[in-house]
Amino acid sequence: MAARRHTLEVWGDFACFTRPEMKVERYSYPCPTPSAARGIFEAVYFKPQFRWQVDRIEILSEIAYIGLRRNETKEKISEADVKKWMRGTAEPKPILADGDPELTGSAGKGRTQRQTMALRNPRFRITAHIVPRPGYEDQQAAYDAQFARRASQGKCFYQPAFGCREFAAFFKLLEEGEVRTPARDHNEDLGWMLYDVYDLDRVNDCSAPPFITLFRARIEHGVLEVPPYDSPEVRKPVIA
């Protein structure tokens with residue numbers, strides 16, 4: 001059965017799709033990475049029996065950046081502590097960004113301010129299709145129908161985000177034949193762009209380690225064409 005393509009128009013106040021080469025300070029790509037776009041579709045509808053393949057990303061708004069200062073804590077909660085709290089064998093202890101270590105008993109590492117160059121008032125049109133996992137190909141039509149129903153009603157498992165959780169994304173399903181706003185006439189060679197941080201063939205495997213993939217990305221007339229994950233255009237690490 002031929003894959004049915006689904007298109008979402010997504011927008012928000014801010015977005016940050018961090019370029020990994022910027023290291024500590026966050027600097028956004030001008031459009032979502034395929035992994036960020038995949039996350040938006042998964043927020044609407046997801047099952048372990050399939051994965052989403054992003055096909056194209058269209059830029060609908062002017063690319064405008066805004067500089068933000070964001071506070072980030074230096075500490076992180078240990079997995080062992082969380083398990084104790086869940087069992088009720090220990091009292092939860094919050095991380096206090098500016099807590100006095102003598103009063104809180106915390107290590108007192110505090111917070112750090114990081115500069116973020118985010119996108120302002122972003123709007124995109126993202127097209128993707130469902131790829132059933134082996135053994136579930138006969139469920140393709142049911143998955144497509146379920147996604148279309150949920151997206152048309154504005155349903156989602158959790159609020160989609162534009163890169164960072166605090167940058168909420170809103171969405172609308174576009175039907176076939178619906179009049180669509182032309183993409184911005186923008187051309188840019190993005191060089192090597194992050195494709196995903198997981199092996200999409202094992203993305204539902206909790207024991208799977210991070211798996212960084214890249215591809216050569218170029219925006220032409222406001223459109224970023226995304227190659228299939230199994231394409232040779234997607235560079236994958238060699239596992240010894």
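Here are the numbers for this structure:
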| read-out | value |
| --- | --- |
| Hz values of 3J(HN,Hα) by residue in segment 157-162 - Karplus curve (6.51, -1.76, 1.60), Gly and Pro given as x | 6, 7, 5, x, 9, 9 |
| Student exercise, the chain dipole from Lys, Arg, Asp, Glu Cβ charges, in Debye to nearest 20 | 460 |
| Highest-fluctuation residue, V179, V24, V226 considered, GNM on the chain with Cα pairs under 10 Å | V179 |
| Residue-span extension gain [E72 to D13] - 0.36 nm each, minus C-alpha spacing | 19.2 nm |
| Beta bridges per DSSP with both ends in the chain, % antiparallel, nearest 5 | 95 |
| Where GluC sites (Glu not before Pro) fall in DSSP loop in segment 1-42, at most 12 other Cβ within 10 Å | E25 |
| Stretch gain in nm, segment A142-E176, where the contour uses 0.36 nm per residue and the Cα spacing is subtracted | 10.4 nm |
| Equivalent ellipsoid, the chain (semi-axes from 5 times Cα gyration tensor eigenvalues, Å) | 33, 24, 19 |
| Helical mean residue ellipticity (222 nm; -39500 (n - 2.57) per DSSP H run of 4+; nearest 500) of the chain | -4500 deg cm²/dmol |
| Alpha-carbon centroid distance for the pair segment 62-96 / segment 168-232, whole angstrom | 28 |
| Nonlocal amide H pairs with Y195, under 5 Å, H built at 1.01 Å | T213, L214, F215 |
| Relative packing of 48-59, 85-96, 161-172, which averages over residues the other C-beta atoms within 10 Å, highest first | 48-59, 161-172, 85-96 |
| Segment 150-240: translational diffusion in µm²/s, Stokes-Einstein, Kirkwood Rh over Cα pairs, 37 °C, 0.692 mPa s | 201 |
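Throughout, read-outs are computed from the coordinates displayed, never taken from laboratory work. Note that this is a predicted model, so its numbers are computed, not measured. Note that each Cβ is placed from the backbone with ideal geometry, even for glycine, and that neighbours are counted across all protein chains shown.
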